[in-house]
Amino acid sequence: MNDHKRIAGIGVFAVVLAQLTACGLTAGASPMSASPGKALLRADTDRDGRLSPADDDRRGSWTDVRGAIMLPNLDDDASRCPAAGRGGKRLTDAVLAACDDAADAVVNGVDDTADLAPLEIPAVKGVSASARATLLPDAPSRDKVRIFITRDGHLTALGADGEIRADELRRGVRLAVEARDFVRDPAVWSGFGDLTLTITDGGRVRSDTVRLRVAPVLFQHDLLRLDRAVVANPEAPVTLEGGNAPGKATPGAKAYRRDLRRGLDAEGLRKPFIESPAGGDQWMGDMFKAGYASMPGQDGKEHHIVVNLRSPAVPPDFPARDRPLRDASRPVFTMMRGPGVAGLQQFDPKAVDRPDDNLYYGSASSSGNFGTIPPYDGYPAGRIIYGGEGEFTPDATFIRMLEAQGHQAPLAVDTSWLGVGHLDEFLHFVPKQGGKGWAMVIADPQLGMDLLKQVARDGGGGQPLVQGIAPADTPFPGLTVAQALSKPELVNGTRIAAAGVERALRQLRDGAGITEEDIIRLPATFTRLDLPDDYPRKDLTLTYLPDIANGISTGTGGYLAPAQHGPRQNGQDVFQQAAEQALDRVGVRVHWIEDWDYAHNVGTAGGDIHCVTNVQRDLSGTAPWWRPTGRRTPAKN
């Protein structure tokens with residue numbers, strides 16, 4: 001499985017290792033001074049991937065344009081983290097998430113070396129044999145930062161006392177730094193680490209400080225080239241961590257996987273699926289959000305690790321108090337974590353005592369409720385958006401963590417009008433020639449209703465609204481196009497959804513500057529859910545025909561969308577034809593995926609392609625977050 005764990009290239013690792021372990025560091029010696037041009041301690045302040053005197057200016061501060069960066073070293077380069085306990089015992093969620101490269105005090109191979117930020121003490125002349133020196137992080141980052149020192153040709157964790165020997169000072173010392181976590185709560189840790197070297201010799205005390213910042217975790221966006229699709233393993237639930245429940249075929253899985261494979265192949269994306277154990281829970285899009293972290297690598301090139309953020313959703317029927325999150329999201333750690341791939345878990349443990357939040361308000365914390373606006377002015381890495389309104393909001397500690405990263409400024413839009421309440425039920429992003437370079441695909445309920453009216457005017461009102469599906473497998477068996485135009489559930493669903501979409505678009509316009517010229521409206525049909533009078537959420541909708549906006553951009557100019565099964569004119573599905581024409585105008589190709597039985601018509605609300613398909617994307621197209629391009633959240637010194 002290691003072939004799908006690595007997205008970032010590994011060609012630079014051996015070079016980085018040589019750089020970190022080299023001796024004879026700097027031509028000439030540096031005196032015991034902490035002046036701007038003469039450093040006792042040096043980090044990659046200018047972010048070019050090398051250590052040189054050019055790094056010595058302003059090394060004790062951190063700004064948008066200057067300051068050293070360390071990577072949160074949470075991947076598993078030696079593949080040593082266990083997926084289960086002794087005898088196959090299931091590990092708790094906390095134990096599962098606790099293992100990573102930063103959890104031990106060793107460098108886990110050449111790949112792990114590349115994840116460390118370089119640091120050095122240039123050779124210091126004139127120190128006596130009795131000189132003493134220490135290199136220590138400041139108190140707030142003492143348990144968040146680990147320093148390694150080169151001794152006997154190997155990187156070894158510096159002791160808790162931070163002692164540096166006099167002979168090492170005279171020769172010069174190569175070191176390396178790892179962050180042991182991301183910023184989760186700025187009130188606990190700001191993400192900055194101040195490392196101070198103090199040299200005491202013959203009554204003289206000199207010191208020097210460098211400041212490093214941990215790289216933020218950033219969401220991947222829809223314009224990046226798709227690398228691998230993540231789908232539910234068809235043999236689940238047997239494959240879920242040794243579970244012994246009987247396996248059974250999931251209806252529609254074969255057709256869905258067949259069409260998904262065809263669509264990816266047509267775009268030249270031929271890598272096999274990542275088969276994720278699901279335990280019968282096929283909603284892969286809700287299990288994790290793919291992200292990444294990066295720092296300057298060799299020659300300033302961006303060095304990435306993939307970071308899969310586990311959904312913080314607590315379902316009503318959580319399996320155990322020590323495993324409160326969805327079982328099918330555990331493969332973030334049990335399968336996907338590995339070389340160059342980290343897992344991240346953040347949720348409010350008090351939510352374990354509120355499972356009814358999901359039962360009555362919907363799974364606001366599921367990753368299908370999060371998206372990323374592609375890069376635009378002021379946001380070179382893109383910007384996070386998520387659905388939330390009133391009591392329908394994602395886990396507060398998860399949102400606080402996202403906000404603390406400082407570079408994708410999460411923006412909330414109202415999704416409370418949707419039955420499941422997920423952002424992916426009505427929007428996605430595709431590439432577009434001109435403008436911002438992208439467009440937002442929007443499910444437009446009024447456009448869908450207008451299309452049905454046109455079909456009726458042209459004499460097609462007597463045909464079934466849903467084509468190619470047994471009437472018994474539709475919500476309103478035998479419903480015709482003409483009947484749909486006056487069906488109260490669809491009329492009211494259109495009214496509620498149209499208002500909800502326009503409200504969300506106003507929020508995106510005001511918060512992110514997205515205007516009508518950035519939008520591609522695609523036809524959709526919405527029906528109002530019939531709910532008990534005492535249900536706390538009112539006026540909820542879901543799509544009647546499969547939701548075209550609930551699709552996946554391949555990053556190659558293709559778009560994977562659910563087959564519509566809509567009414568026909570001249571032998572053509574009118575919904576598919578309208579979508580193809582709209583997307584063709586911006587140069588996007590559509591591949592239709594059969595998902596009616598596998599996703600759309602499942603349970604009360606169902607879902608579509610984005611709901612059952614997750615993706616890992618190629619990170620070679622990202623822009624380094626540390627390069628100032630427009631508006632940014634300022635770094636605090």
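The values are calculated or read from the model by the stated rules, or taken from the named source; none is laboratory data. Everything quoted here is computed from the prediction, not taken from an experiment. For neighbour counting, all protein chains shown are included, and Cβ atoms are generated from backbone atoms with ideal geometry for every residue, glycine included.
Odds and ends about this structure:
- Region 279-325: number of residues that are assigned to a strand (DSSP E or B) and closer than 22 Å to Ala599 by Cα: 4
- In this structure, Asp64 does not satisfy being under 30 Å from Trp626 (Cβ atoms) and in contact with a strand residue (DSSP E or B) (Cβ under 9 Å, 6 or more places away or on another chain).
- For region 62-93, the set of residues classified as out of contact with any Gly (no Cβ under 7 Å at 6 or more places or on another chain), farther than 22 Å from Pro339 by Cα and not acidic (Asp, Glu) consists of Trp62, Thr63, Val65, Arg66, Gly67, Ala68, Arg86, Gly87, Lys89, Arg90, Thr92, listed by residue number.
- Segments classed as strands (runs of 3 or more DSSP E), wholly inside region 108-204, with at least 2 members that are buried (at least 22 other Cβ atoms within 10 Å of the Cβ): 117-121, 132-137, 145-151, 173-179, 192-201
This table checks each residue for (1) surrounded by fewer than 19 Cβ atoms within 10 Å (Cβ to Cβ); (2) aliphatic (A, V, I, L, M); (3) touching a helix residue (DSSP H, G or I) at 6+ places or on another chain (Cβ under 9 Å).
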{"site": "Gly513", "(1), (2), (3)": "yes, no, no"}
{"site": "Leu522", "(1), (2), (3)": "no, yes, yes"}
{"site": "Phe526", "(1), (2), (3)": "no, no, yes"}
{"site": "Lys538", "(1), (2), (3)": "yes, no, no"}
{"site": "Leu542", "(1), (2), (3)": "no, yes, yes"}
{"site": "Ala549", "(1), (2), (3)": "no, yes, yes"}
{"site": "Ser553", "(1), (2), (3)": "no, no, no"}
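- Residue check, Arg228 touching a Lys or Arg at 6+ places or on another chain (Cβ under 6 Å) and either outside the structural domain of Pro374 (by TED's automatic domain parsing) or within 25 Å of Val590 (Cα to Cα) (or both): yes
- Condition met for Glu425 (acidic (Asp, Glu) and crowded, with 24+ Cβ neighbours inside 10 Å): yes
- Residue selection: Gln576 satisfies the criterion of being in a helix (DSSP H, G or I) and of a type in the set (S, T, N, Q).
- Some residue of region 431-448 being crowded, with 21+ Cβ neighbours inside 10 Å and among the basic types (Lys, Arg): yes
- Subset of region 412-422 (residues that are over 30 Å from Trp626 (Cβ atoms) and surrounded by 20 or more Cβ atoms within 10 Å (Cβ to Cβ)): Thr415, Ser416, Trp417, Leu418, Gly419, Val420, Gly421, His422
- In region 443-477, the qualifying residues are those that are small (Gly, Ala, Ser), farther than 17 Å from Ala563 by Cα and assigned to a loop (DSSP other than H, G, I, E, B), and the one that is nearest to the chain's Cα centre (by Cα) is Gly461.
- Strands (runs of 3 or more DSSP E) contained entirely in region 510-568, each with at least 2 residues that are farther than 29 Å from Pro410 by Cβ and more than 23 Å from the chain's Cα centre (by Cα): 526-528
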